[in-house]
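Trainee: Below are the structure tokens for one structure; questions will follow.
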Amino acid sequence: MRKPPRPSSLEDEILQYPTVHEARLYEKLSAQKVRCHLCERRCLIAPRGKGFCKTRMNLDGTLYTLVYGDISGAESRPIEIKPFFHYWPGSTAFTFSTWSCNFRCPWCQNFSLSRGKPQLASARYISPETMVEMALNQGDKGICVSFNEPTLLFEYSCDVFKISREMGLYNCYVSNGYLSLEAMHMLFESGMDAIKIDLKGDARVYREYCGNLDVEIVWRNAKEAKKMGLHVEVVNLVITGVNDSQECLRWVIERHLREVGRETPLHFTRYYPAYKFDNPPTSVKTLEAAYQMAVRAGVLFPYLGNVAGHKHEDTYCPSCGKLLIRRLAYTIVEYKITADKKCSNCGWHIPIVGEYTSESMISKST
């Protein structure tokens, strides 16, 4: 008599999905446990367990990502909206994301994505080849992984970046900066050439609001990224009652100068209530004070963000004070830097990566 078919195991069921791929950064331990080395949480994961981010699962002693090509959103967006102000100005990047996060910030601006968990049966899979083709069809100059923490799309990013680099596109991350050095080096080798790091504040903020994390890892990664040759910009979301004190802002500025240098752009961005946080929006006066503190300390390119039309969203020559880039609603409306990246008035070198394009970005940013 013929035996009935053996029921498929959980492992067999999960492995059938196209978004499930073996992870590239992990360590096999005894008793089929594994340690993930993607970010500095370095999660120890038991069989059939998941890491903190819920996107990586241990199946029979092998770690898998559950979100390879599981795309929660994809669209062409101005590079200035990231914000990158010194990186391919005026261009658009095809920007995509997946689900979840390795942080738990209560003010998260993209919580619908960062708090979402992978759903294998309903995942929208897009192959790396198709993703690059979409960017080219949109006329974008590059690829950006953003919206939620891009580190969770590590394996997929590496594969996309290799293809997009061959096609002449730039590749960047908008990250919380908590990835492992191993991950950052592999991304660089795959074609990533820029990273924007969201700095949450000082050590107390990371300890009390982000899940007992270590801010020194973020600064370590920012410094290492500069050393590797990545273009780096740092953004500090200034949150009312959390990291808006003069002491905290001064600490951010001093560490910025020490770790990444005076030419690295430093953005102070206005917070608005979101997710579980209802503190009032950041005072513009507080942001302006942070800007002036940065100027006095020696930061050459400080900026304000989320304050539409403010003069400190523009770029000025640190030597002669000439207005070089005027921005409005993530669009460049004036550009007075020469082709060899110098101030058109005094000849001071302006550290800009990539060529400026004057194409209108408004239609692509909706």
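The values are calculated or read from the model by the stated rules, or taken from the named source; none is laboratory data. Computed from a predicted structure; not experimentally measured. Positions of Cβ are generated from backbone atoms using ideal geometry, with glycine treated the same way; all protein chains shown enter the neighbour counts.
Trainee: Return yes when A294 is closer than 21 Å to V205 by Cα, touching a residue at least 40 places away in the same chain (Cβ under 8 Å), among the small types (G, A, S) and out of contact with any helix residue (DSSP H, G or I) (no Cβ under 6 Å at 6 or more places or on another chain) and no when it is not.
Mentor: no
Trainee: Sort out which residues of segment 55-82 are touching an Asp or Glu at 6+ places or on another chain (Cβ under 7 Å) and either without any contact (Cβ under 8 Å) to a residue 12 or more places away in the chain or assigned to a loop (DSSP other than H, G, I, E, B) (or both), and write them in order of number.
Mentor: Matches in segment 55-82: D60, Y68.
Trainee: Let me ask another. Identify, from the list R220, R207, the residue that is free of Cβ contacts under 8 Å to residues at least 40 places away in the same chain, over 26 Å from D278 (Cα atoms) and out of contact with any Lys or Arg (no Cβ under 9 Å at 6 or more places or on another chain).
Mentor: Only one candidate passes the filter, namely R220.
Trainee: If you go through segment 327-337, how many residues are in a loop (DSSP other than H, G, I, E, B) and either exposed (fewer than 14 other Cβ atoms within 10 Å of the Cβ) or modelled with pLDDT under 95 (or both)?
Mentor: Selection size over segment 327-337: 2.
Trainee: Here are the criteria: (1) under 23 Å from I332 (Cα atoms); (2) of a type in the set (F, W, Y); (3) touching a Cys at 6+ places or on another chain (Cβ under 8 Å). Tell me which single one Y170 does not satisfy.
Mentor: Against the list (1) under 23 Å from I332 (Cα atoms); (2) of a type in the set (F, W, Y); (3) touching a Cys at 6+ places or on another chain (Cβ under 8 Å), Y170 comes up short only on (3).
Trainee: Considering only residues of segment 248-260 that are touching a residue at least 40 places away in the same chain (Cβ under 8 Å) and surrounded by fewer than 21 Cβ atoms within 10 Å (Cβ to Cβ), which is nearest to the chain's Cα centre (by Cα)?
Mentor: E259
Trainee: On to the next question. Hey, S30 hits all of (1) modelled with pLDDT of 95 or more; (2) at negative phi; (3) more than 20 Å from the chain's Cα centre (by Cα) but one; which does it fall short on?
Mentor: (1)
Trainee: Looking at D202, D193 in this structure, which one is touching a strand residue (DSSP E or B) at 6+ places or on another chain (Cβ under 9 Å), crowded, with 18+ Cβ neighbours inside 10 Å and acidic (D, E)?
Mentor: D193
Trainee: Still on this structure: Tell me the residue from L266, L324 that is crowded, with 20+ Cβ neighbours inside 10 Å, of a type outside the set (V, I, T), farther than 24 Å from E75 by Cβ and not assigned by TED's automatic domain parsing to the domain that holds A135, please.
Mentor: L324
Trainee: Next up: Those residues that are out of contact with any Phe, Trp or Tyr (no Cβ under 7 Å at 6 or more places or on another chain) and farther than 15 Å from T286 by Cβ, I need them from segment 298-319; list them, please.
Mentor: Once the filter is applied, which keeps residues that are out of contact with any Phe, Trp or Tyr (no Cβ under 7 Å at 6 or more places or on another chain) and farther than 15 Å from T286 by Cβ, segment 298-319 yields G298, V299, L300, F301, A308, G309, K311, D314, Y316.
Trainee: Every residue in segment 179-190 that is buried (at least 24 other Cβ atoms within 10 Å of the Cβ) and either of a type in the set (K, R) or outside any strand (DSSP E or B) (or both), please. Write out each step before concluding.
Mentor: First, pick out the residues of segment 179-190 that are buried (at least 24 other Cβ atoms within 10 Å of the Cβ): 179, 187.
Within segment 179-190, L187 is the sole residue that qualifies.
Each row is one residue, and each column tells you yes or no for (1) assigned to a helix (DSSP H, G or I); (2) basic (K, R); (3) farther than 23 Å from A329 by Cβ.
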| site | (1), (2), (3) |
| --- | --- |
| T95 | no, no, no |
| S100 | no, no, yes |
| V132 | yes, no, yes |
| N137 | yes, no, yes |
| L153 | yes, no, yes |
| Y156 | yes, no, yes |
| V160 | yes, no, yes |
| S164 | yes, no, yes |
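Trainee: OK, next. So, in segment 298-309, how many residues would count as being touching a Pro at 6+ places or on another chain (Cβ under 9 Å) and not in a loop (DSSP other than H, G, I, E, B)?
Mentor: Final tally of qualifying residues: 3.
Quick grid of which residues meet (1) of a type in the set (K, R); (2) at pLDDT 95 or above; (3) assigned to a helix (DSSP H, G or I); (4) surrounded by fewer than 18 Cβ atoms within 10 Å (Cβ to Cβ):
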site	(1), (2), (3), (4)
N221	no, yes, yes, no
V234	no, yes, no, no
L237	no, yes, no, no
G241	no, yes, no, yes
R262	yes, yes, no, yes
T282	no, yes, no, no
Q292	no, yes, yes, yes
R296	yes, yes, yes, yes
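Trainee: Suppose we filter P128, P150 for residues that are touching a helix residue (DSSP H, G or I) at 6+ places or on another chain (Cβ under 9 Å) and within 30 Å of N279 (Cβ to Cβ); which single one remains?
Mentor: P150
Trainee: What number of residues in segment 21-49 are within 23 Å of M184 (Cα to Cα), in contact (Cβ under 8 Å) with a residue 12 or more places away in the chain and not acidic (D, E)?
Mentor: Residues that pass the stated criteria total 16.
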